[in-house]
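These notes concern the structure reproduced below.
The values are calculated or read from the model by the stated rules, or taken from the named source; none is laboratory data. Keep in mind that what you see is a predicted model, and the values were worked out from it rather than measured. Please note: Cβ atoms are built from the backbone with ideal geometry, for glycine as well, and neighbour counts cover all protein chains shown. Side chains included, ligands, DNA and RNA excluded: accessible areas come from the protein's heavy atoms. Shrake-Rupley method; radii C 1.70, N 1.55, O 1.52, S 1.80 Å.
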Amino acid sequence: MLVWIVCVAVLVLAFVFRHPHLLQDVQFVRNKLKIRRLIQKYNQTNFSILDRFSEAVKAQPHKPLILYKEETFTYREADELSNKAARVFLQSGLGKGDTVALFLGNEPTFLWLWLGLGKIGCSAAFLNYNIRSRSLLHCFSCSGAKTLVAAEELQDAVEEVLPSLLEQQVTVFILADRCRTADVQSFKMSQASSEPISKDLRSNVTLQSPAVYIYTSGTTGFPKAAVVTHSKLWTFSLLLTVTGVKPEDVIYVSLPLYHSAGLLGFTGAIERGITVALRSKFSASQFWDDCRKYNVTVIQYIGEIMRYLCNTPKKLSDRSHKVRLAIGNGIRPDVWRDFISRFGNIQIKEFYGATEGNFALINYSGKIGAVGRDTFLHKWFFPYSLIKYDVDKDMPLRDSAGFCIEAAKGEPGLLVCEISIRAPFSGYARDLQQTEKKKLHNVHKKGDMYFNTGDLLSIDDDNFIYFQDRVGDTFRWKGENVSTNEVADVITQVDCIKEANVYGVEVPGLEGRAGMAAITLSEGQRFDSAGVFEHVKNFLPAYARPRFMRIQSSLDVTGTFKHMKGKLVGEGFNPNKITDPLYFLDEKDNNYVPLTLDLFHSVTSGKIKI
C-alpha cells in the first residue's frame, strides 16, 4: 500500500513538474467562466454599471470616488453632480436613446456628464480631444449624435467646424460661464437640482443598448465608432476584479478617459467600490509624486508609460510608494525588467484585448513579455485560433478546401476569435461595411464566423502567447492607433504633394512604429518643407504626424491599386539604404529638414528624442 501511495505521489509530482502552470491555467478559465455567468445574470436582470454605482452610493456615500488635484469627490457628491448634469441635458430636450458627443480631457466633469447621460437613457460618444477639422467632423457624425459638449479650452477647435455643425442642426454646449459666440450655449450645472433622477427615464435601456462609442482606427480609413454596449461595459469593468484589485485599493488613472483603458479604470473602480486618483494628463516627472500623494496602490499603463517612467532620472524615493499592482498592455520585456528592478516588486498584469473585440487574454503567470497562455481548456470554452496570414496580400491563407490554416508553434499568426451569442461582436456605429470587414467566415468549418483582430501573435513551445505586430494599414505610436489612410488624406491636401503612401517604421529603443510618408510631388512643384510642417501641425495630432518623409518619382501599387508598403517598411529611414531624398520632422526648427547620416545616427542612438 505504501509503495502504491509513493508511486502515485511521484506521478503527481512528475505531472506537476511537466505542467507547472496547470493550476493557474485552470483557475484562469474558472474566473472567465464565472464572469461570463455573472454577465449573463446581469443581462437577465438588466443590471448595469449605473445600478452598481447607485448601490455604492448607498453603501458608502462618504467614501472618496475621485481624487483630482486638490479636490476630493465622494460617491454621494459624484451622484449629485451627475444628477445636475442629467437635469441640464433634460432641459435641453434630450431623452431616451439620444447620443451626446463629449469633447473634453481628463477631468471630473467628464465623468459627471457620462453618468448623467446614462441616468436619462442616453449614450455618449467619446471624442479624442486631439482631433481637429475633418477628423472631428467625421467622428462626431458617425456616432449619430445631435449634441456636442466641449471643454472651454477646446473652443477654437469647435469654432473651426461650427458652420458644418450648425448646418446639421447640432446643439453645441461649451463648459464655460460665457461663450464667445451666440451659436453655442453655456453648459451650466451649478443652478440645476441635484435631486435623484427617476429610473423610469432609462426604462428603454437594456444591456444590449449602447453605453458609449469609443473610437478606434481599425485597419483602414478614418476612426470608427466602436459600439460598447452596457453588457460589454461589464466586461471592461470586471477586468480589475480578475487582475486582483481589492475593495481597499486606490487606482491611478492617467490614461485618456476617451480610451477604453482609461474608461475601464473608472467603471472598474465603481464595480470594486474603490477610489480613483485622476490625472488630467500623464506626466512622467509627477507620476510617483502623485502615487505618494494619493496613496495609490494600483496603476494603469500602456507600454510607453512604463518606458517613460524608466527613462526619468533615478531618485532615492523610487521605491517609496504603496503601488503593488500594474495593469495594462504593451510593455516590452526589457522595460518590464527595468521597471521591477528600479521601482520594486510590483506585480504586472499584462492583458491583450481590443475595444471592439470579443476576446481577451491576461498574463496571469507573470511570464515577462507574454500576454497570456494557450491551453486546450481556454480554447474549448472561448474558441480562438492563430491562423497563417499573407501580409503582402493582406489576407489569411486557406487550404484547398477553403479553410484557414493554423499557424505553427513559434510562427506569427492572425488572432481570430469565434463570434457567438456568448462572445458577440457589436461592430461599428453607422458603418456596416467596416463591421462586415472584421468578420471572417468559414474559418475552420462551413458556416462559422470569427472576429478578425488584425493582430499577429505567436505561441512558444511552453504555450505562452506573445504579441507580434499589427496587420493592415494601422500602426501604433505613442500609445495611439494611427490610420495611414487618414494621414495620407491630410498631407495630400498640401499643394506640392501629389500622392502619399504612409506607413510605420521601427525606431531602435522605442515601442510601436513612427510615421513615415513616401510622397510624390505635383508637377512643377518643389518640396515645401516648412509649409508641409505647418500643415501637419495644424491638422494632425502629434502622434499621427509623419516623422519622416521620402520623396519618390512614383509610388508602387498592387494590381488593385493599393500602395505597396512591405519594401518601404523594410528600408525604414536609413540613408545608407535609400537614395531618395529623406526629410525629418524637426520640431525645434518648425520644419522638415534633410535627414543626413549624422541626423540618422542621432535619432537611432536616442540622442534626438522623437
Rounded to two decimals, what is the ratio between the C-alpha radius of gyration of region 192-275 and 2.2 N^0.38 Å? 1.28
The convex hull of the Cα atoms of region 398-493, divided by residue count, gives a volume in Å³ per residue of 165
What is region 232-288 by shape, rounded, prolate or oblate, if you read a ≥ b ≥ c off the alpha carbon gyration tensor as root eigenvalues and call it rounded for a/c under 1.5, prolate for a/b larger than b/c, and oblate otherwise? oblate
Viscosity 0.692 mPa s, temperature 37 °C: Stokes-Einstein D of region 316-469 from its Kirkwood Cα radius, in µm² per second? 192
Region 211-326 - convex hull of the alpha-carbon atoms, volume per residue in Å³: 113
Förster radius 25 Å - calculated FRET efficiency between residue 436 and residue 40 (Cβ-Cβ, nearest 0.05): 0.40
Solvent-accessible surface ranking, highest first, for 449, 189 at 1.4 angstrom: 449, 189
With all protein chains present, how much of the accessible area of the chain (probe radius 1.4 Å) comes from carbon and sulfur, to the nearest whole percent? 52
Students often check this: by mean Cβ neighbours within 10 Å, which of 177-186, 255-264 ranks highest, and how do the rest follow? 255-264, 177-186
To the nearest 0.05, how large is the calculated FRET efficiency for residue 444 and residue 185 if R₀ is 45 Å and r is the Cβ-Cβ distance? 0.25
Can you give the extra length, in nm with one decimal, that the chain gains between residue 601 and residue 70 once fully stretched, where that is 0.36 nm per residue apart less the Cα-Cα distance? 186.7 nm
Is the chain best put as rounded, prolate or oblate by its Cα gyration tensor, with a ≥ b ≥ c the root eigenvalues, rounded for a/c under 1.5, and otherwise prolate when a/b is larger than b/c, oblate when not? rounded
Which of the aspartates and glutamates could a cross-linker span from residue 84 if the Cα-Cα distance has to be under 13 Å and same-chain partners fewer than 8 positions apart are dropped? 195
Taking H as built 1.01 Å from N, whose amide H comes closer than 5 Å to the amide H of residue 185, not counting residues under 5 places away? 172, 173, 174
Chain lengthening between residue 574 and residue 346 when straightened (0.36 nm per residue, less Cα-Cα): 78.2 nm
Considering only the chain, what is the antiparallel percent among its DSSP beta bridges, to the nearest 5? 60
Run the dipole for the chain about the Cα centre, Lys and Arg Cβ at +1, Asp and Glu Cβ at -1, nothing else charged, and hand back the magnitude in debye, nearest 20. 1820
Per residue, in Å², the accessible surface of the chain once ligands and nucleic acids are set aside, probe 1.4 Å: 46
Quick one: how many lysine pairs does region 480-610 have with C-alpha atoms less than 29 Å apart and a gap of 8 or more or different chains? Give me the count, please. 25
Could you pull the Cα extents of region 358-411 along its three principal axes, largest to smallest, in whole Å? 38, 25, 22
In whole Hz, with x marking every Gly and Pro, tabulate ³J(HN,Hα) for region 160-173 from phi via Karplus 6.51 cos²θ - 1.76 cosθ + 1.60, θ = phi - 60°. 5, 10, 4, x, 5, 5, 5, 4, 8, 6, 8, 8, 10, 10
Given a Förster distance of 45 angstrom, what is the FRET efficiency for residue 398 paired with residue 178, based on the Cβ-Cβ distance and rounded to 0.05? 0.15
Fraction of alpha-carbon pairs in region 378-454 farther than 13 Å apart, rounded to whole percent, equals 68
For a bin width of 5 Å, list the pair-distance distribution of region 127-260 built from all Cα-Cα distances, rounded to whole %. 2, 8, 14, 16, 17, 18, 15, 8, 3, 1, 0
Could you derive backbone 3J(HN,Hα) for region 503-515 from the dihedral phi with the Karplus parameters 6.51, -1.76 and 1.60 (θ = phi - 60°), listing whole Hz in sequence and x where the residue is Gly or Pro? 7, x, 10, 6, 10, x, x, 10, 6, x, 9, 7, x
Among the trypsin sites (Lys or Arg not before Pro) within region 419-524, which fall in a DSSP loop and have no more than 15 other Cβ atoms within 10 Å of their own Cβ? 422, 430, 445, 446
